[in-house]
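Please treat every number below as a calculation from the coordinates, not as lab data. Bear in mind the structure is a predicted one, so any value in this text is a computation, not a measurement. All Cβ positions, even for glycine, are placed from backbone atoms using ideal geometry, and neighbour counts span all protein chains on display.
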Amino acid sequence: MFDQTNGPGPQRGFLNSAPNEKTTTRGAFVTTRWSVVLSGADSEGGEQQIRAALGELCRIYWRPIFFFIVRRGYLAEDAEDLTQDFFSKILKDDWLQKADPARGRFRSLLLKSLQNFLNDAADRTRARKRGGEASFVSWDPWMAEAPSELTLSREALNSWPAEQVFDAGWAATVVERALRRIREECESKGRLRVFEVLSPYLSAERDDLSYRNLAGKLRVPEATVKKLLYHMRHRYRFLLRDEVAQTVADPAEVEDELRYLCGALAASSTQAA
C-alpha cells in the first residue's frame, strides 16, 4: 500500500476541493509531534506539551512495540503489561533527555530504547497486573481496526526477527492512519462508497485495475473514475508523508524514512505470499 511516486501537493478534500486552497510546500518548516518533543528535550519549559506529544506518539505506535515484545518470546498478556510499563518508563524517566536530535527518527530511538528495556532484568520482570496506574491503549479488540491485509500473520510473529516485526508493524501503522484519514474525508463529504471501491487501488502496483469495472460499481463514467483515483492517490501519498513527518526531526528525512518503511512492508508482503 506504500506508493512513493512523487506528485503535487496534498489535494486536501480532493472531492469538491476549494479552488484557491493552499498546500504545504515540500521542505517548509512544520511543527510535528516529534519536533515538539525534541525542541524541549533539554529544557524545562513546555513540559506538559512535550509529554502530550510523546504520549500521542506512543498511543499511535503501540502496536509495533507489542509485536516486538511478543516476538521476543513473551506471552500476549505479559506483552501487554510490558508495553504499558515501557510507555510509563519513557514518559516518567529521563528518556526525553536522551532524545538526541542527531539521532533523528522516533522509530529508531524508540526501538533502541525498547531493546534496552527488555534487556534490563529488573524491568523485564516488573510486569504489573493489567489495568494498573497507567494505561495508554485499549486491548479489546486491539486488532479490529486494522485492515486485514496489513496485519501480521501468526507465522510472521513466530518466525521473523523481532526487528523486522517491529518495522513491518510500524509501516502498517503509517498506512492504516493514512487510509483512515482518507476514509474520514470521504465520509464527511458523503462519498464513503468512493473510498470503499477505490481504496484497494491506491497503490500503483495493482495489475487488476479496470476503470470499466470500477465505473460500473460507482455508476459513473470511466473518466470520472480516473479523475477520482488520480486525486485520491495523490492525497494518499501526501498523508503517508505527513504521518512519517510526525516521527522525524528534519523534513529532509521524510523521503528516506518513507523508503525504508516501504521496503519493510514490501518485504513482509513477499514473505507472507
Output for the range 191-257: trypsin sites (Lys or Arg not before Pro) sitting in coil per DSSP, at most 13 other Cβ within 10 Å, listed by number, reads Arg206, Arg219
In nm, spacing of pseudo-spin labels at Val220 and Ala266 (7 Å Cα→C-beta vector)
3.1 nm
By the Kirkwood definition, with r running over pairs of different Cα atoms, the range 159-273 has a hydrodynamic radius in Å of 15.5 Å
Taking the Cα centre of the range 159-273 as origin, work out the dipole magnitude from +1 charges on Lys and Arg Cβ and -1 charges on Asp and Glu Cβ, in debye rounded to 20.
960 debye
Summed side-chain charge close to Ala264 - residues other than Ala264 whose Cβ falls under 11 Å, Lys, Arg +1, Asp, Glu -1
-1
